[in-house]
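The values are calculated or read from the model by the stated rules, or taken from the named source; none is laboratory data. None of the values given here were measured: they were computed from a predicted structure. Because the Cβ atoms are built from the backbone with ideal geometry, glycine has one as well, and the counts that use them run over all protein chains shown.
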Amino acid sequence: MIDFKNTDFKGHKVIMRVDFNVPLSASFIVTDDTRIRAAIPTIKKILLDGGSVVLMSHLGRPKGGYETKFSLKHILSTLESLLEGPVIKFADDCISVDAYKLSSELKEGEVLLLENLRFYPEEEKGDPSFAKKLSIHGDIYINDAFGTAHREHASTATIARYFNSEHKGFGYLMSAEVENATKLLNDAKKPVTAIVGGAKVSDKIQLLEKLIDTMDNILIGGGMAYTFIAAQGGKIGKSLFEPEYTELALKILSKANANNTKIYLPVDSVIADNFSAEANHKIVSSNDIPGQWMGLDIGPEAIMLYSNVIKSSKTILWNGPMGVFEFDKFSTGTFSIANAVAEATDEGAFSLIGGGDSVSAINKSGLENRVSYVSTGGGAMLEFLEGKVLPGIKAIQD
């Protein structure tokens, strides 16, 4: 595997996997350029060295053929603006004769963007023939798409077979993602605290079981908290509940106790009489929610307790919101936790925002520059933290 930072790309043509799967408006305007912005330093390094770059990505979930709404041509103007340099060439296919002609004619400092990889079903199948055709576009393969590293697709894993160890590697983004997640799992200063939220226990079981081995504290919020509360005999009204996971929730609590890992559940909740931004709301004990009401956020006592634990921590992982933060009435818990994480980081703690809705929350709070690292990969980061081997990483390291 090449050391990207210390490699001179002069004279090389790099085929680079990026994650440009960004949201678009109804008129095909990029509404959040975070993922594109994250790839810019890697692209610029290659161009400044005197290399050229062929970029490949997916966008959305097309059904096996060309669909205008999923064309990567929609992101061209945003990419050109962020690169602040070359006019970017565009291939309206990724393995056509015209695409190869464009890549073969690339000069030093030039960039080519290939059309959406997922217009070919072979991409998601990890098809070796398709991967080999993609590999023809460059003499070095760089993967800088951490958000897709957990998928064994042609462009994220299979393609690496066609490059030896001296001609494949990670870009700046992938390196930073792996480095920061590894630091949290293997080199964390104590006390170590994980904040785990989201709707369902079932989505976070493997993460919780893995974290019990490494965390001093686990703060649980979001809809998943109510399955734990119900498992212990609490009255949760119409709150989100997975009855089939009550036994497992009790096992997790028991394992944590045996491991001296303290699990915190919200002592109080902001409840609503229906799932709506305009719902009536009040604050009650999380163990005593009236029958027709549901918990949609952690309450002020929970916020205070959780914030104190966070501020006394030296290492912090945050994965998942504390409530339905999209609704203003039920956003206080999530944004208060964001503030506590930022304050702890200001005092020297290492904080990793581990993908998904937590990233959206930290960005909406305006505190993204006051935490140590914000991951670009929701599912990929989750699987990495669960201890799984990610195909996109393994393919480079093999």
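Conditions (1) modelled with pLDDT under 90; (2) surrounded by 17 or more Cβ atoms within 10 Å (Cβ to Cβ); (3) more than 18 Å from Arg17 (Cβ to Cβ); (4) under 15 Å from the mean Cα position of the chain (by Cα), marked per residue:
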site: Asp357; (1), (2), (3), (4): yes, yes, yes, yes
site: Arg370; (1), (2), (3), (4): no, yes, yes, no
site: Thr376; (1), (2), (3), (4): yes, yes, no, yes
site: Ala380; (1), (2), (3), (4): yes, yes, no, yes
site: Gly392; (1), (2), (3), (4): no, yes, no, yes
site: Ile396; (1), (2), (3), (4): no, yes, no, no
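Within the range 228-280, how many residues are in contact (Cβ under 8 Å) with a residue 40 or more places away in the chain, more than 24 Å from Phe330 (Cα to Cα) and among the hydrophobic types (A, V, I, L, M, F, W, C)?
Matching residues across the range 228-280 total 4.
Residue check, Glu166 against (1) outside the structural domain of Val284 (by TED's automatic domain parsing); (2) modelled with pLDDT under 95; (3) among the charged types (D, E, K, R), all met but one. Which one?
(2)
Here are some conditions: (1) in a helix (DSSP H, G or I); (2) crowded, with 21+ Cβ neighbours inside 10 Å. Lys210 meets all but one. Which one does it not meet?
(2)
Looking only at the range 215-248, count every residue that is of a type in the set (Ser, Thr, Tyr) and either outside any helix (DSSP H, G or I) or in contact with a Lys or Arg (Cβ under 6 Å, 6 or more places away or on another chain) (or both) and tell me the total.
Counting residues in the range 215-248 that are of a type in the set (Ser, Thr, Tyr) and either outside any helix (DSSP H, G or I) or in contact with a Lys or Arg (Cβ under 6 Å, 6 or more places away or on another chain) (or both) gives 1.
So which residues in the range 71-101 are surrounded by fewer than 20 Cβ atoms within 10 Å (Cβ to Cβ), among the aliphatic types (A, V, I, L, M) and touching a Leu at 6+ places or on another chain (Cβ under 6 Å)?
Ile88
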